[in-house]
1. Which members of region 268-309 meet the condition of being touching a Gly at 6+ places or on another chain (Cβ under 6 Å) and in a helix (DSSP H, G or I)?
2. Take the conditions hydrophobic (A, V, I, L, M, F, W, C), more than 18 Å from the chain's Cα centre (by Cα) and within 21 Å of Ser198 (Cα to Cα) and apply them to Ala293. Does it pass?
3. If Asp474 meets every condition in (1) under 20 Å from Ala247 (Cα atoms); (2) touching a strand residue (DSSP E or B) at 6+ places or on another chain (Cβ under 7 Å); (3) surrounded by 19 or more Cβ atoms within 10 Å (Cβ to Cβ) apart from one, which number is that one?
4. Are any of the residues in region 367-374 more than 18 Å from the chain's Cα centre (by Cα), within 30 Å of Arg146 (Cα to Cα) and assigned to a loop (DSSP other than H, G, I, E, B)?
5. Please specify each residue of region 147-181 satisfying the condition of being surrounded by fewer than 23 Cβ atoms within 10 Å (Cβ to Cβ), over 30 Å from the mean Cα position of the chain (by Cα) and under 24 Å from Pro438 (Cβ atoms).
6. Looking at Ala58 and the list (1) surrounded by fewer than 23 Cβ atoms within 10 Å (Cβ to Cβ); (2) part of a loop (DSSP other than H, G, I, E, B); (3) touching a residue at least 24 places away in the same chain (Cβ under 8 Å), which single condition is not satisfied?
7. So the check is Cβ under 7 Å with 6+ separation or different chains; which pairs have a first residue in region 217-237 that's part of a loop (DSSP other than H, G, I, E, B) and a second one that's of a type outside the set (A, V, I, L, M)?
8. For region 113-126, does any single residue satisfy the condition of being among the small types (Gly, Ala, Ser) and touching a residue at least 40 places away in the same chain (Cβ under 8 Å)?
Amino acid sequence: MRILFTFLLSTILPVKIFCQHGGFDSSQKILFNAKIFTADFLHPYAEAVAIKGNKIVAVGNLDKVKKSLPATVALIDMHGACILPGFIDSHNHAVEGGEGLMRANVDDSVLTIPNLAAYADEVKQNGFGMIGNFLVIDGINIETWRNIDELHKVFSNGSYTNQPVLLRGSDGHTGWANASLMKMAGINRAFIQSLPASTKKYFNVDANEEPNGFFADSGFAKVKAVLPKTHADDNIAAAKALTYNNALGITAWLDPAAGNIKDSIYYYLNGYKYLAQHNKLTAHVSAVVVADADVLPQPQINKLKKLQATYNSYHNIEIIGFKIFADGVIEYPTQTAALSKPYINSGSYGALMYKPANFARFAIAADKQNLLVHVHAIGDRAVTETLNGFDAVRKTNGYSNLPHTITHVQVMKFEDITRFSKLRVLASLQLLWALGDPTTIDIVKPYVDAELYKYQYPARSLLQAGTIICGASDWNVSTANPFEAIYEAETRRGRLGVLDSTQCMPRIAMLYAYTINAAKALMREKMIGSIVPGKYADMILLDRDVLTVSPESMKNTQVLWTMFEGKLVYLHP
């Protein structure tokens, strides 16, 4: 009977008492008898926190905290439950993810081709997967690209003979078109042969030089040209993104591609603006927009300044700089990540997407005008050249407080590990991917030089070298759930075993990564990221003590409520 009572206390009481306590409606309240991880390096633990309006006014033991507010303040007993700062995601395509929730999407699930075909039939019939006459399915796990012959057998024959089908990879860099769509788009042998080598690499061909439907990165342009011109309602998508992220305890993020300077397309920024105008933006959003390092920087900087003047006046929206792509992705058959040693199967070195001197010029100009540069770099050469560019920034402009950031960092040279800390460059890492499964072994290891493969997602080495590690998901490439990412960072365990146990991260380091460290990547560490006086009252209540439970238990943690600026914005159902 005692065991049953303990179980009920740990599962039912938090939801019914902690979520429905009338004191949460009060503008002044004290939460006490809690296990609070503050993410304050000097004082990481506390048992009580006082909140006035949208700010934290005191943290510590109950006697100390009670002195900060009137005696009539609402006192809320947390019964020993675990409270953390609101999570912060340093690389979250939120509005794009919200759009993904509105379309046919298999959410990176590993499906057999027959299972994918069954899903395709379903979304074709109910219309969820249709864009005009095109069947489009998002979120395809990149393991699927190993089965292109099977894809053609299913999706280029029978009822799909004259039906254009587009499958988009969950990585955001890859896709596949069936025979009908290739014919419509003009992707054929003659087209492939007409391309320069620098562009040809974005399309896959068979032994007869015939395209097999797979394409990557800039190859999307050929398919996009024939797709119907439709666009999701980004106001709705932004709202769905908030609901999704708040339910995972995420109260702030960096949107790494909230617009594109070249195209002057800012749908996602408008989605955030709509929510802010209607007082529904329950997250702190820092944003960067995609730019081209090979193009003169000043005209792009001028455009960004105009965007800042338009959007930064809205509460909780702040455009802070640029996103630059240094390369693509490493997995077979894409292989567009820029490497210092060639891919074993093709002899290609991948695609460095800027000229190094141009990137240095761009980064120096942006830094000089207080604009952050956030760089996608997966291959070791991309990481090296990006660090070289930031080295030029520091030598030219000195060491500013701008937290320039490299995101992804799948493989890198050993000698570059210490450079992050030396150059004060942050590492925004998606460690949900750092596990032993086909995406890191079967479609990478046979094709990459062994010396490069050895340093795949080298998180622990970067941490030990003094790098500031920031938690990141890259949602909607994969789930934004921080607990699943922390589990993989800690264990690196997947279907095929453990991916280099020497790189396993301490859990406490990952909790800092998803709180105060990520706040630095958003340039908001003075206002969010830790439970300390003067900061916004962003915090989450959990159904277990994540500081003490096993990795397997921690992975399944549920958020019972999410507080944003002193108000509950999510309650566990």
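1. Keep residues of region 268-309 that are touching a Gly at 6+ places or on another chain (Cβ under 6 Å), which gives 269, 288-289.
Within region 268-309, Leu269 is the sole residue that qualifies.
2. Values: hydrophobic (A, V, I, L, M, F, W, C): yes; more than 18 Å from the chain's Cα centre (by Cα): yes; within 21 Å of Ser198 (Cα to Cα): yes.
So Ala293 passes the test.
3. Result: Asp474 fails condition (2) only.
4. Of the residues in region 367-374, the ones more than 18 Å from the chain's Cα centre (by Cα) are 367-371.
Adding the requirement that they be within 30 Å of Arg146 (Cα to Cα) leaves none.
No - not one qualifying residue is present in region 367-374.
5. Asp149, Glu150, His152, Lys153, Val154
6. Against the list (1) surrounded by fewer than 23 Cβ atoms within 10 Å (Cβ to Cβ); (2) part of a loop (DSSP other than H, G, I, E, B); (3) touching a residue at least 24 places away in the same chain (Cβ under 8 Å), Ala58 comes up short only on (2).
7. The qualifying pairs are Leu227/Phe134; Pro228/Gly132; Pro228/Phe134; His231/Tyr267; Ala232/Glu99.
8. Initially, region 113-126 is screened for residues among the small types (Gly, Ala, Ser), giving 117-118, 120.
Subsequent filtering for residues that are touching a residue at least 40 places away in the same chain (Cβ under 8 Å) retains 120.
There is at least one residue in region 113-126 that is among the small types (Gly, Ala, Ser) and touching a residue at least 40 places away in the same chain (Cβ under 8 Å).
The values are calculated or read from the model by the stated rules, or taken from the named source; none is laboratory data. It should be emphasised that the depicted structure is a prediction, and the values quoted were computed from it without experimental measurement. Methodologically, a virtual Cβ is constructed for each residue, glycine included, from the backbone with ideal geometry; neighbour enumeration extends over all protein chains shown.
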